[in-house]
Amino acid sequence: MQPYTDLLDALRTDLAELTSLHAPSGAEQPVIARLRDLFAPLVDAVSVDHMGNINATREGPPGAQHIVVSAHADEIGALVASIEPDGFLRLLPIGGVQPRLLEGRAVWVGGRPGVIGARSGHLTPRTEHGQGLSLADLYVDLGVDSAAEVEALGVGVGDPVVVLSELRALAGSRVAGKGIDNRASCVLLLHLLRRLQGRTLSRRLTALVTVQEEVGLRGAEVAYARLRPDLAIVVDTFPAAGTPDTRHLAYTARIGQGALITPASGAGDVGFLIPRAARDAMIAAAQRVGAPYQLAVTGGGVTDAAAAHLAAGGIPTLEVKIPRRYSHSPVELLDLRDLAAALTLVEELVLRPPTGEDLSFLKDVELFQQE
């Protein structure tokens, strides 16, 4: 086992590489290609399906239990919706984009640099000062003066747009940048495969990297229906509170406090309620290996677990989350110690997964019975 400080350094290095790649939903090719190449020497077989999901598999004994550990590759972003005669680009949001965070930002547009315009305060009426803009008000400036020049740059309608924000090391073990959701979990999959390399597995293991999570869990829905594993373990980053604007919330997740287990999370009619037995199995695994963990409940936010647990007639599903601040912003903030804790927990769940009896819906049913 590598020293802890070396682990954090390695996690930071790999996260910096993966977040430097631009891969909004539907245009995940750079991340998928890189992870395919990184996974290939660590597994027995690796493939990419027609949607872009990576399946990287370590074979086990014949008839062995099949475990899938998954993370999504895509980040939020936008598409070029139209090109105006004077060369400015209008945008269509992809995923949970917040327009208030985009004005005045540098962007990447299908391989070209640009900026999102910000009207000078000198040219803004005082009555409009401090007002946020809608996405319809925003535009990208590529530094040209006509639609013909935009075409000459090779930029067209439908091209992906991503805010530029490289990973920055902050104090201690904390980092901030764009795309931490969910490249952090992709890094976890990479390190899990590295840790297991050369070890004999008693189970078949697939590291699954999904696409289009930010626009409706689409890659996971397809992949889990096809793979039909005996156990799914979904890993994702998830919002954390504890900042001046969230201290009043009852939601208790914090960065720096370990892997996050959320017995309930969701958005509208889509979500995932972790059965008590599954929650207890994850807690027991964390305690066996001394991985710091925390419990929190929120009614907002979903992960691929919401698709996995409903696929193929219902797949037993566990969900391990990594808390991060400033969700869906260019400065998502993560504590690498939480990523390390999640890695340790997931490794334990893969090597010593809960049994069917451990995950039984009626396990400890007497705890729910009225006297």
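Net charge in the neighbourhood of Ala278 (other residues with Cβ under 10 Å of its Cβ; Lys, Arg +1, Asp, Glu -1) is 0.
Across all directions, the average flat footprint of the convex hull enclosing the Cα atoms of the stretch 24-123 is 9.4 nm². For the peptides 302-309, 42-49, the ranking by mean Cβ contacts within 10 Å, running from highest to lowest, is 302-309, 42-49. Could you calculate the FRET efficiency of Ser134 with Thr200 from 1/(1 + (r/R0)^6), where r is the beta carbon distance between them and R0 is 51 Å, rounded to 0.05? It comes out at approximately 0.35.
For Gln2 and Ala81, the FRET efficiency from 1/(1 + (r/R0)^6), where r spans their Cβ atoms and R0 equals 45 Å, is about 0.45.
Summary of the geometry: the stretch 1-18 and the stretch 290-337, compared by the centres of their Cα atoms, lie 21 Å apart. With R₀ fixed at 22 Å, the C-beta to C-beta distance from Leu92 to His328 puts the FRET efficiency at about 0.85.
Taking the DSSP bridge list for the chain and keeping only pairs wholly inside it, about 65 percent are antiparallel. Projecting the Cα positions of Thr210, Leu192, Ile233 onto the charge dipole of the stretch 172-236 (unit charges on Cβ atoms of Lys, Arg, Asp and Glu, taken about the Cα centre) puts Leu192 furthest along the positive direction. Taking 0.36 nm per residue of separation and subtracting the Cα-Cα distance, full extension of the segment from Arg36 to Arg100 would add 19.5 nm.
Among the trypsin sites (Lys or Arg not before Pro) in the stretch 199-266, those placed in a DSSP loop whose Cβ has at most 14 other Cβ atoms within 10 Å are Arg199, Arg247.
Peptide packing for 10-20, 353-363 was compared via the average number of neighbouring C-beta atoms within 10 Å per residue; ordered from the highest value, the list is 10-20, 353-363. Using only Cα atoms and rounding to the nearest 10 degrees, what angle (0 to 90) does helix 336-351 make with the longest principal axis of the chain? Around 40 degrees separate the two axes.
Of the peptides 54-61, 205-212, the order by per-residue mean of other Cβ atoms within 10 Å, starting with the highest, comes out as 205-212, 54-61. Overall size of the chain from C-alpha positions, given as principal axis extents largest first: 68, 48, 42 Å. Mean separation of Cα pairs under 8 Å and 6 or more residues apart, divided by the residue count, gives the chain a relative contact order of 21 percent.
Relative to the longest principal axis of the Cα atoms of the chain, helix 276-289 runs at roughly 90 degrees.
Kirkwood Rh over Cα pairs of the stretch 244-371 into Stokes-Einstein at 37 °C, 0.692 mPa s: D in µm²/s? Using the Kirkwood radius from Cα pairs, D works out to 208 µm²/s.
Every helix of 4 or more DSSP H residues in the chain counts as -39500 (n - 2.57), and over all residues that averages to -8000 deg cm²/dmol at 222 nm. A straight line joining the Cα centroids of the stretch 176-239 and the stretch 21-73 runs 8 Å. Relative to the longest principal axis of the Cα atoms of the chain, the long axis of helix 4-19 makes an angle of roughly 40 degrees.
Local charge for His22 was computed over the other residues whose Cβ lies under 13 Å away, with Lys and Arg +1 and Asp and Glu -1, and equals -2.
A short reminder: the numbers here are calculations on the coordinates, not readings from a lab. Just so you know, these numbers come straight off a predicted model, no measurement behind them. Here the Cβ is made from the backbone with ideal geometry for all residues, glycine too, and neighbour counts use every protein chain on show.
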